[in-house]
Amino acid sequence: MAWFQGLDGTTLVVAISVLMFIEETGVPLPFAPGDLVLAMSVSGDSPNVVKAVDWANRNGLHTIALVGGKRGKLAELARQAIVINDTHYGRAEDAHMGICHMICYAFMENPWQNR
């Protein structure tokens, strides 16, 4: 059973954001190799997000980055990047929000099944 099974969209976002301070707290989190981390940064250079993705990569998690047109370090570091080809922060953030809403609805409408 995946650690995120049963979490709603808001709770899932909060759970993922915990990655931003993993190394500072030293708190072990229930991630397993192969789990997915979705990171968002319009600039692609937010230090805490870059650090979290680096940690996730080193611990065998699959990383996907949502970034803006400048891409930044995050687009290079993540295993896959979805680039919103716009440097305007508001438009890129709106696109990120739309993508996150689609992901949340996919979880709500297609519950995970044990495999």
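Things worth noting here:
- Computed from point charges on the beta carbon alone (+1 for Lys and Arg, -1 for Asp and Glu), the dipole magnitude for the range 55-115 about its Cα centre is near 320 Debye.
- Cα shape, the range 63-115, gyration tensor, a/c 1.5 rule: oblate
- Amide H contacts under 5 Å for Ala81: Ala65, restricted to partners 5 or more places along the chain or on a different chain, H placed in the peptide plane at 1.01 Å from N.
- Table column - 3J(HN,Hα) (Hz), the range 80-91, Karplus curve with 6.51, -1.76, 1.60, x for Gly and Pro: 9, 10, 10, 9, 8, 6, 8, 8, 6, 4, x, 5
Values in this text are rule-based calculations from the coordinates and carry no lab data. The shown structure was predicted, so the numbers you read here are calculated from the model rather than taken from an experiment. So basically every Cβ, Gly included, is an ideal-geometry build from the backbone, and we count neighbours across all protein chains shown.
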